[in-house]
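The block underneath contains the structure these notes are about, expressed in structure tokens.
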Amino acid sequence: MKKVTSIKEMQKIIKGFQREGKSIGLIPTMGYLHEGHLTLAKKARSQNDIVVMSVFVNPLQFGENEDLATYPRNLERDMQLAAEVKVDYLFHPAAEEMFPQKQAITMHVEERTERLCGASRPGHFDGVVVVVSKLFNIIQPERAYFGKKDAQQLAVIDLLVKNLNFPIELIAVDTVRESDGLAKSSRNVFLTEIERKEAAVLFESLQAAEAIITEGEKNTARIIDVMKTMLHEKTSGEVDYIEVLSYPELQPSDEVNGVIIIALAVKFTKARLIDNIIITA
């Protein structure tokens with residue numbers, strides 16, 4: 001595996017593979033890799049001639065009071081893990097390389113951002129689509145890989161690809177979980193020992209919601225109440241949101257119908273965790 005830090009060098013490499021007719025898969029990440037990222041890479045490896053993983057902590061998607069400075073980073077470990085799953089190129093540009101001057105052209109996402117994480121993080125997804133667009137233009141992949149854990153991000157990228165006509169196939173990969181159901185996340189390292197045990201309840205509450213829907217419950221408010229009660233009784237975390245929405249449109253309804261996402265966010269002492277399931281009701 002080769003690390004590349006220059007945009008021009010990365011583009012030169014990509015053009016060579018394009019001339020040879022080789023397919024390229026991209027896994028965009030912010031690093032501090034865990035099994036979820038590696039599962040995306042394995043999927044990409046099975047479907048493409050060349051696999052590129054980007055590691056870039058995107059400053060545009062962090063708000064004033066968010067954790068850009070403390071976001072976990074370990075490039076040496078990332079490189080080792082990426083090599084183990086046979087990534088060909090690790091693209092790791094500096095912020096100054098991606099943004100050599102002030103970003104004079106901005107992007108704004110009008111849909112799929114007003115709920116879930118987007119409600120409390122204004123401008124977050126605007127920053128996401130800028131950097132993802134830059135990565136798509138630099139790498140020019142046939143396929144790009146995203147985890148379903150960040151389902152709102154996936155829905156926004158889906159909109160980006162369709163609205164801007166990127167000739168890219170989005171591959172959505174199921175959430176990778178710990179043995180107790182907790183979704184793998186770089187932020188899990190910030191949980192205390194007690195919080196780590198409590199965090200398993202997040203997925204349990206999603207399973208409880210799915211179970212009552214399967215049994216015939218259609219009322220969105222009652223589904224949310226079941227989850228909220230579980231989280232209040234079994235965790236010390238603060239519920240940021242619980243929502244049941246259409247997917248990928250992310251629109252609310254009093255009654256569940258069709259493809260829906262059941263999503264939540266819970267704040268612990270030093271970590272805000274998200275999780276979701278996407279089902280057909």
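The values are calculated or read from the model by the stated rules, or taken from the named source; none is laboratory data. Just so you know, these numbers come straight off a predicted model, no measurement behind them. Cβ coordinates were reconstructed from backbone atoms using ideal geometry, including for glycine residues, and neighbour counts include every protein chain displayed.
Laid out as a table, the results:
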{"read-out": "Selection from segment 171-199 of residues that are assigned to a helix (DSSP H, G or I) and either within 12 Å of Gly237 (Cα to Cα) or among the aromatic types (Phe, Trp, Tyr) (or both)", "value": "Phe190, Ile194, Glu195, Arg196, Lys197, Glu198"}
{"read-out": "Residue among Ala69, Ala83, Ala41 that is assigned by TED's automatic domain parsing to the domain that holds Val161 and either in a loop (DSSP other than H, G, I, E, B) or among the acidic types (Asp, Glu) (or both)", "value": "Ala69"}
{"read-out": "Residue in segment 187-201 that is assigned by TED's automatic domain parsing to the domain that holds Ser133, aromatic (Phe, Trp, Tyr) and surrounded by 14 or more Cβ atoms within 10 Å (Cβ to Cβ) present", "value": "no"}
{"read-out": "Residue pairs meeting the criteria (Cβ under 7 Å; at least 6 apart or on separate chains; first closer than 24 Å to His34 by Cβ, in segment 156-181; second modelled with pLDDT under 95 and part of a loop (DSSP other than H, G, I, E, B))", "value": "Val176/Lys184; Arg177/Lys184; Glu178/Lys184"}
{"read-out": "Sole residue being farther than 23 Å from Thr113 by Cα and surrounded by 15 or more Cβ atoms within 10 Å (Cβ to Cβ), chosen from Glu243, Glu217", "value": "Glu217"}
{"read-out": "Any hit, segment 126-143, residues being under 29 Å from Ile7 (Cβ atoms), of a type outside the set (Phe, Trp, Tyr), surrounded by fewer than 21 Cβ atoms within 10 Å (Cβ to Cβ) and within 13 Å of the chain's Cα centre (by Cα)", "value": "no"}
{"read-out": "Test: residue in segment 91-107 that is touching a Leu at 6+ places or on another chain (Cβ under 8 Å), hydrophobic (A, V, I, L, M, F, W, C) and within 30 Å of Ile261 (Cα to Cα)", "value": "no"}
{"read-out": "In segment 31-53, the residues that are touching a Phe, Trp or Tyr at 6+ places or on another chain (Cβ under 8 Å) and farther than 18 Å from Pro141 by Cα", "value": "Gly31, Tyr32"}
{"read-out": "Residues being among the basic types (Lys, Arg) and over 17 Å from the mean Cα position of the chain (by Cα) - total across segment 172-215", "value": "2"}
{"read-out": "Residue check, Lys22 surrounded by fewer than 15 Cβ atoms within 10 Å (Cβ to Cβ) and in a helix (DSSP H, G or I)", "value": "no"}
{"read-out": "Leu33 vs. criteria under 23 Å from Asp174 (Cα atoms) and either aromatic (Phe, Trp, Tyr) or modelled with pLDDT under 95 (or both)", "value": "yes"}
{"read-out": "Answer from Gln207, Gln251 - the residue that is out of contact with any helix residue (DSSP H, G or I) (no Cβ under 9 Å at 6 or more places or on another chain) and under 19 Å from Thr113 (Cα atoms)", "value": "Gln251"}
{"read-out": "Among the candidates Phe146, Phe166, residue that is over 20 Å from Arg73 (Cα atoms) and among the aromatic types (Phe, Trp, Tyr)", "value": "Phe166"}
{"read-out": "Test: residue in segment 140-160 that is over 29 Å from Val266 (Cβ atoms), among the hydrophobic types (A, V, I, L, M, F, W, C) and outside the structural domain of Met230 (by TED's automatic domain parsing)", "value": "no"}
{"read-out": "From Glu76, Glu97, Glu64, residue being exposed (fewer than 13 other Cβ atoms within 10 Å of the Cβ) and not in a loop (DSSP other than H, G, I, E, B)", "value": "Glu76"}
